[in-house]
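Engineer: Could you have a look at this structure, given as structure tokens, before my questions?
The values are calculated or read from the model by the stated rules, or taken from the named source; none is laboratory data. Note that this is a predicted model, so its numbers are computed, not measured. FYI the Cβ positions are ideal-geometry reconstructions off the backbone, even for glycines, and counts take in every protein chain you see. These accessible areas exclude ligands, DNA and RNA; they are computed on the full protein's heavy atoms, side chains included. Shrake-Rupley method; radii C 1.70, N 1.55, O 1.52, S 1.80 Å.
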Amino acid sequence: MPHSLPRVVLAAPSSGSGKTTVATGLMAALTARGLAVSPHKVGPDYIDPGYHALATGRPGRNLDAFLCGPERLPGLLLHGAVGADIAVVEGVMGMFDGAAGRGEFASTAHVAKLLRAPVVLVVDASSQSRSVAALVHGFASWDPEVRLGGVILNRVASDRHEELLRDALEAGEGVPVLGAVRRQAEVVTPSRHLGLIPAVERDAEALRAVRDMGELIRAGVDLEALLALARSAPPLTAEPWDAGAEIAALGGPVPGRPVVALASGAAFSFSYAENAELLTAAGAEVAPFDPLRDEKLPEGTSALVIGGGFPEVYAERLSGNTALRESVRALAASGAPLVAECAGLLYLARSLDGAPMCGVLDAEARMTERLTLGYREAVALSDSPLAAAGTRLNGHEFHRTVCEPGGGPAPAWGWRSTDGPRTEGFTSPTLHASYLHLHWAGAPQLPYRLLTHAPLSG
């Protein structure tokens, strides 16, 4: 049956235009009005959804056509938006910038068309006046299938500057101006080597930043006009994505309620909400723990999942938690399955920047100046608790570290890069550790396979 969901996508001509500030502020402003706002982010980003969650009180969710498949995105949107009054989707990079070598695929424009959602263009107006009309005209006319429903002028310097911008747009394309946001240095969110500092690391400071973003948008954006645009989106004919249905198609939940320990907290904050939902649907008891604080794994742990994050920032504290490192090493020796990606890979190594880690992997990890970033079309080279050899999956790399060696005798993945064929990661019958980030909604057989390898708790 058709599902009516007011929704809007926030795009920009390029990265650095202020999409995250405007999107997060809009989510906060609408939430402050008493609306239930469903927050979403185009692409594989983990950090922006953390701020979205603070603004709305709901999990920030990703909509990634490359990782999950374009056909799943309307259902994933509806799943995240159950009980919501409106969905706000923050785009990625420039509006038409897709996966490298794939044209518009996985771009903000592509996702907006899949969601049949109107787009609001966030324009950094700080260094232009009349030229803004030519810019907006280009974006409005480039792809007639993308409905550009409005413009938010960001980083506007003064009333006079706003007047010049509005006059140019009114005389040009006819795309309505939904707001003009003043330049405000105090709401800039601090960054470091992989982008914005995650909200989970900033606590009260992050809450204040989100509140200030909301005030900035409330003061500068016509919220009624934006809501009217969102309500003009046509019904979606897809059904909400259902983790239980995905697992039922694979054979149904495993018995015994195995306990899956899931690393969380400031050092391991990179995780897709659907991953834990799939584990629960597959029959697991998901038990979060914080390697910075907890000195032992959750009681009865049958399997361990360590996702991405920033262990390099907390290397000394992670190393100092000797009791937990020994607990992880003992779990690995017991034959329980371990799955680690990116930050988890570093944590399982012998050391990270010289600080002792868990020592499950015969490898050393360290920070570098080089950013490794991009989508990967990978094939599993070895059997592991996560994937059978020959499994083909789409993943994503995002790190400034290296692991030496980069892979073990049984590598996890292989793919073709610009430098030729590449292999990486470590596997064994009970281990899968790799730099590759995976979104399990795009491959629900992964958590199901993990649980079939987990000892049952009874």
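Engineer: Let me have the 222 nm mean residue ellipticity of the chain computed from DSSP H runs of 4+ only, each contributing -39500 (n - 2.57), with the sum over all residues rounded to the nearest 500.
Structural biologist: -9500 deg cm²/dmol
Engineer: ³J(HN,Hα) across segment 244-254 via Karplus (A = 6.51, B = -1.76, C = 1.60, θ = phi - 60°), whole Hz, x for Gly/Pro?
Structural biologist: Going residue by residue, I get x, 5, 4, 6, 4, 5, 9, x, x, x, 6 Hz, with x marking Gly and Pro.
Engineer: Report Rg/Rh for the chain, rounded to two decimals, where Rg is the Cα radius of gyration and Rh the Kirkwood radius.
Structural biologist: 0.99
Engineer: Then there's this: Indicate the gyration tensor shape class of segment 1-102 (rounded, prolate or oblate), computed on the Cα atoms with a ≥ b ≥ c the square roots of the eigenvalues: a/c under 1.5 is rounded; otherwise a/b larger than b/c is prolate and the rest oblate.
Structural biologist: The shape class here is oblate.
Engineer: Quote to one decimal, in nm, the extra length available between His3 and Ala389 on full extension: 0.36 nm per residue of separation minus the C-alpha distance between them.
Structural biologist: Gain on extension, His3 to Ala389, equals 135.0 nm.
Engineer: For q values of 0.13, 0.14, 0.15 Å⁻¹, compute log₁₀ I(q)/I(0) with the Debye formula on a Cα-only model of segment 220-342, without solvent.
Structural biologist: Taking Cα atoms of segment 220-342 as identical point scatterers yields -0.66, -0.71, -0.77.
Engineer: Report the percentage of all Cα-Cα pairs in segment 362-434 whose separation exceeds 18 Å, rounded to a whole percent.
Structural biologist: The calculated P(r) of segment 362-434 puts 38 percent of pairs beyond 18 Å.
Engineer: With a/c under 1.5 counting as rounded, go ahead and sort segment 319-407 into rounded, prolate or oblate using the C-alpha gyration tensor (a ≥ b ≥ c being the square roots of the eigenvalues; past the cut-off, prolate if a/b is larger than b/c, else oblate).
Structural biologist: Since a/c reaches 1.5 but b/c is at least a/b, the shape of segment 319-407 is classed as oblate.
Engineer: What ³J(HN,Hα) values, in whole Hz, does the Karplus curve 6.51 cos²θ - 1.76 cosθ + 1.60 give for segment 311-326 when θ = phi - 60°, with x put for Gly and Pro?
Structural biologist: Running phi through 6.51 cos²θ - 1.76 cosθ + 1.60 with θ = phi - 60° gives x, 5, 6, 10, 4, 5, 5, 5, 5, x, 7, 4, 4, 5, 4, 5 Hz.
Engineer: Can you tell me the dipole magnitude for the chain around its Cα centre, using point charges on the Cβ only (Lys, Arg +1; Asp, Glu -1), in Debye to the nearest 20?
Structural biologist: With Lys and Arg at +1 and Asp and Glu at -1, about 140 debye.
Engineer: Round to a whole number: what % of the accessible area of the chain belongs to carbon and sulfur, probe 1.4 Å?
Structural biologist: 52 percent
Engineer: In whole Hz, what ³J(HN,Hα) sequence does segment 59-64 give by Karplus (6.51, -1.76, 1.60; θ = phi - 60°), x for Gly and Pro?
Structural biologist: The phi angles translate into x, x, 10, 9, 10, 10 Hz.
Engineer: Which whole-number value in Å² is the accessible area per residue of the chain, probe 1.4 Å?
Structural biologist: On a per-residue basis, the chain sits at 39 Å².
Engineer: Now, a different point. Out of the DSSP beta bridges found with both residues in the chain, what percent are antiparallel (nearest 5)?
Structural biologist: 40 percent
Engineer: Grab the beta carbon distance between Glu239 and Ala32, set R0 = 22 Å, and tell me the FRET efficiency rounded to 0.05.
Structural biologist: Between Glu239 and Ala32 the formula returns 0.10.
Engineer: For Gly408, what is the net charge nearby, where nearby means another residue's Cβ is under 14 Å from its Cβ and Lys, Arg count +1, Asp, Glu -1?
Structural biologist: -4
Engineer: Also, I was wondering about something else. How many angstrom separate the Cα center of segment 136-165 from the Cα center of segment 62-79?
Structural biologist: 28 Å
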